[in-house]
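Structure first, commentary second.
All of the numbers you see were taken from the coordinates with simple rules; none came from a lab. Being a predicted model, the structure only gives us computed values, none of them experimental.
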Amino acid sequence: MECPACGRQVQDRYCKYHEQAFSSLKAHHEAWVRAYGSITWQEFLERLHEMKETGQWVREVIKVELKK
């Protein structure tokens with residue numbers, strides 16, 4: 001199976017690079033929920049996608065996740 005973000009071989013749902021980015025996104029989403037009280041996964045992804053500081057691997061995962 002291929003990574004939906006880049007086409008590399010999949011480990012779980014993404015390649016090892018995008019899987020690490022996805023894990024980081026999940027952890028940071030939990031931190032944002034604690035900080036902001038309530039923020040949906042969708043809202044979180046949209047906000048991060050707009051931030052210029054967001055890295056390439058994370059952006060690629062965000063694009064895939066937003067299509068779901």
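Scale the Cα Rg of the chain by the rule-of-thumb value 2.2 N^0.38 Å and send over the ratio, two decimals.
1.10
Pop out the ³J(HN,Hα) list for the range 12-19 in order, Karplus 6.51 cos²θ - 1.76 cosθ + 1.60 with θ = phi - 60°, rounded to Hz; leave Gly and Pro as x.
Per-residue couplings from phi come out as 10, 10, 10, 5, 4, 6, 6, 5 Hz.
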